[in-house]
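In what follows, a structure is listed as structure tokens, so that the remarks can point back to it.
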Amino acid sequence: MTYFLLSAPFVVVAGLLWWRARHRMAHQPAVTGLVIAALTVLTVIFDNLMIAVGLVGYAGEHNSGITIGLMPVEDLTYPLVAALVVTGFWPWKGTRR
């Protein structure tokens, strides 16, 4: 099983959650895009650093072979899921009293 296939159900569930919440807050798509961009940049930087110093490694048969630096592109599914879940739940957070 590849890392992408392992991550795909989480991306779908997070996407559905976000889709339901997208109109509950003003500028929801813009906020989500900003969060995805920020998390993606941080993931690319720090994943490459962690791989370069040997903290983590990836079996070649489990990824697509497409990389950004040393990082397999499948690692970008994690910040995508995190951004969709956080911005999907945020509108239901309510206000502080």
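What follows is calculated from the coordinates using simple rules that are stated; it is not laboratory data. What you see is a predicted model, and the numbers here were worked out from it, not measured in a lab. Note: ideal-geometry Cβ built from the backbone for every residue, glycine included; neighbour counts use all protein chains shown.
Who wins for biggest fluctuation among 86, 53, 31 in a Gaussian network model of the chain, springs between alpha carbons below 10 Å? In this elastic network of the chain, the residue with the biggest mean-square fluctuation among 86, 53, 31 is 53.
Long hydrophobic helices in the chain: the complete DSSP H runs spanning 24 Å or more by Cα along their own axis with mean Kyte-Doolittle hydropathy of at least 0.0 are 3-21, 28-52.
Going from the fewest other Cβ atoms within 10 Å to the most, the residues 7, 64 appear in the order 64, 7. Short-range pairs are left out: with C-alpha atoms under 8 Å and at least six residues apart, the relative contact order of region 25-89 is 45 percent. Residue 2: net charge of surrounding residues, Cβ under 12 Å, Lys/Arg +1, Asp/Glu -1, itself excluded? Taking every other residue near residue 2 into account, the sum is -2.
Think of the chain as a dipole: +1 on every Lys or Arg Cβ, -1 on every Asp or Glu Cβ, centred on the Cα centre; then among 8, 87, 26, 26 lies furthest on the positive end. Restricting the chymotrypsin sites (Phe, Trp or Tyr not before Pro) of region 5-97 to loop positions (DSSP other than H, G, I, E, B) with no more than 14 neighbouring Cβ atoms within 10 Å leaves nothing. Computed on the chain, the Cα convex hull volume stands at 112 Å³ per residue. Residue exposure proxy: 61, 74, ordered by other Cβ atoms within 10 angstrom of their Cβ from fewest to most, comes out as 61, 74.
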